[in-house]
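*Asks:* The following block contains the structure, expressed as structure tokens.
We did not get these values from a lab; they are worked out from the coordinates using the rules stated. If you're wondering where the values come from, they're calculated on a predicted model, not measured in any experiment. Using ideal geometry, Cβ is built from the backbone for each residue, glycine included, and neighbour counts are taken over all protein chains shown.
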Amino acid sequence: MNLINSPILGAKVSLHFFTPKPKAIIKNPHNNSHITMMLKKRVNSDESNKLTTTTTEFDDSLESSTTTTTTTKPCLCGRRHFIEATATTLTAATQSATATNSDSEYTALVNKFHPPKPDWYQKFFAWVLNSFTKSYEAEVARYKSQIFSILKEKKANKILEIGIGTGPNLNYYASDSNVQVVGIDPNPEMEKYARSSATSAGFPLSNFEFIHAVGEVIPLSDASVDAVVGTLVLCSVKDVDLTLKEVMRVLRPGGVYVFVEHVAAKDGTFLRFLQGVLDPLQQTIADGCHLSRETGESIAKAGFSSVELDMAILSNATFVNPHVYGIAKK
Ligand SMILES: C[S@@+](CC[C@H](N)C(=O)[O-])C[C@H]1O[C@@H](n2cnc3c(N)ncnc32)[C@H](O)[C@@H]1O
């Protein structure tokens, strides 16, 4: 993990390189900082795919370290290459990166946007989400199938899912073995359910990474993904506009943002009144979920080059309606 300066927050942000086991990032025994990789520079413009990296590795006993410098040529044919391609973009964006105290600084940012809840609450919410959304998923499937088909059309192999939760969307990517998914979520209890959803869907775990992170500060580099997926998450983030800015930042030019969100009912309706009354309770029991956000409008004015947006009422979602779903292009 490296630190970069966030263009949005002016703060240092951790960057993950989609390593198979982020926890394996090892402490530097000499100064206790976390170091895995220092990006150096692009080699030259003719060879823009090449990246010189200096990698410092420490052995398991933390007794010794070796430093190697390698030149790699990223391609998009596998997980490691995805990491390297991502690293290339970061190099272009930031020129240099430092790596000190990255975990704790990023955790502070996660906590800022998603204040920590008691363990039991996080466990309970993850369990509820995993146990009681089957009928909702069955009903929303017809809308998801429509919009998720763009991922295949666009050959979106690098997908970021924000607020991945228990991973109900992983089965939409499972048919393509080239697809690699990074799912971010501030509730670490979601990970085991998301991994289990991947397994049930036949989505290879080797192509899936769960990162404890928030949408407001996405720990990926600029223009590093082909698609961002978000379902029922902008209701829960602390800052919708900031999250959409981050979505734009990490999408490559021409990349797509695919979304399904529940939004406020029409002003003046009984449903809208009910949402106003229930909103504080919903936020308390559903980990910050707001019932009355105008999320469609936020997406429409987020600066995408085009936004296709439809609306649906889902009978299984009762007062958590209507839904907007669609595709926005960068
Ligand atoms: C209602 S759940 C939806 C989960 C999943 N996307 C789905 O469709 O079932 C909302 C998810 O957003 C996550 N979340 C809450 N705040 C977030 C934030 N600031 N950034 C990213 N995810 C967040 C929650 O932990 C939870 O997993």
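*Asks:* Classify the range 248-330 as rounded, prolate or oblate from the Cα gyration tensor: take a ≥ b ≥ c as the square roots of its eigenvalues, call it rounded if a/c is under 1.5, otherwise prolate when a/b beats b/c and oblate if not. Intermediate values should be presented prior to the final figure.
*Replies:* Values: a/c = 2.45, a/b = 1.96, b/c = 1.25.
Taking the square roots of the gyration eigenvalues as a ≥ b ≥ c, the range 248-330 is prolate.
*Asks:* While we're on this one: Dividing the alpha-carbon Rg of the range 114-329 by 2.2 N^0.38 Å yields what?
*Replies:* On the way: Rg = 16.2 Å, N = 216, 2.2 N^0.38 = 17.0 Å.
Normalised by 2.2 N^0.38 Å, the Cα Rg of the range 114-329 equals 0.95.
*Asks:* A further question follows. Excluding Gln283 itself, what net charge comes from residues whose Cβ is under 15 Å from its Cβ, given Lys and Arg +1 and Asp and Glu -1?
*Replies:* Details: positive: Lys117, Lys238, Arg293; negative: Asp239, Asp279, Asp287.
Charge balance near Gln283 sits at 0.
*Asks:* Related question: Counting only other residues whose beta carbon sits under 13 Å from that of Asn171, what net charge do I get with K and R as +1, D and E as -1?
*Replies:* -1
*Asks:* Given Cα pairs under 8 Å that are at least 6 residues apart, what percent is the relative contact order of the range 216-297?
*Replies:* Normalised by residue count, the contact order of the range 216-297 is 33 percent.
*Asks:* Something else about it: Magnitude of the Cβ-charge dipole of the range 104-229, K/R +1 and D/E -1, about the Cα centre, nearest 20 debye? Each step should come with its number before you reach the end.
*Replies:* Working: 12 positive and 14 negative charges, 61 e Å.
For the range 104-229, the charge dipole is close to 300 debye.
*Asks:* So, one more: Holding the Cα-Cα limit at 18 Å, pick out from Lys112/Lys238; Lys144/Lys266; Lys154/Lys330; Lys158/Lys329; Lys245/Lys266 the pairs that are longer than that. Intermediate values should be presented prior to the final figure.
*Replies:* Details: Lys112/Lys238 9 Å; Lys144/Lys266 23 Å; Lys154/Lys330 13 Å; Lys158/Lys329 15 Å; Lys245/Lys266 26 Å.
Beyond 18 Å: Lys144/Lys266; Lys245/Lys266.
*Asks:* Another question, then. I need to check one value: relative contact order of the range 114-329, counting alpha carbon pairs closer than 8 Å and at least 6 residues apart, in percent. Write down the numbers at each step before the final one.
*Replies:* Details: 398 pairs, mean separation 40.5, N = 216.
19 percent.
*Asks:* Using +1 at the Cβ of each Lys and Arg and -1 at the Cβ of each Asp and Glu in the range 127-174, identify which of Trp127, Gly165, Phe148 lies farthest towards the dipole's positive end.
*Replies:* It is Phe148.
*Asks:* Quick one: grab Rg to one decimal and Dmax as a whole number for the range 161-270, Cα atoms only, in Å.
*Replies:* According to the Cα coordinates of the range 161-270, Rg and Dmax are 14.4, 49 Å.
*Asks:* Mean separation of Cα pairs under 8 Å and 6+ residues apart, divided by the residue count of the range 164-236: what relative contact order is that in percent? Before the final figure, lay out each step's value.
*Replies:* Working: 85 pairs, mean separation 26.2, N = 73.
That works out to 36 percent.
*Asks:* Assigning unit charges at the beta carbon (Lys, Arg +1; Asp, Glu -1) and nothing else, what dipole magnitude in debye, to the nearest 20, does the range 136-186 show about its Cα centre? Write out the running numbers ahead of the final one.
*Replies:* On the way: 6 positive and 6 negative charges, 51 e Å.
The calculated dipole for the range 136-186 is roughly 240 debye.
*Asks:* Charges on Cβ only, +1 for Lys and Arg, -1 for Asp and Glu, centred on the Cα centroid of the range 114-329; of Ala201, Cys289, Leu220, which one is farthest towards the dipole's positive end?
*Replies:* Value computed over the given set: Ala201.
*Asks:* For Asp241, Asp222, what's the fewest-to-most ordering of other Cβ within 10 Å of each Cβ? Spell out each step's value before the answer.
*Replies:* On the way: Asp241 13, Asp222 17.
Ordered from fewest to most neighbouring Cβ atoms within 10 Å, Asp241, Asp222 come out as Asp241, Asp222.
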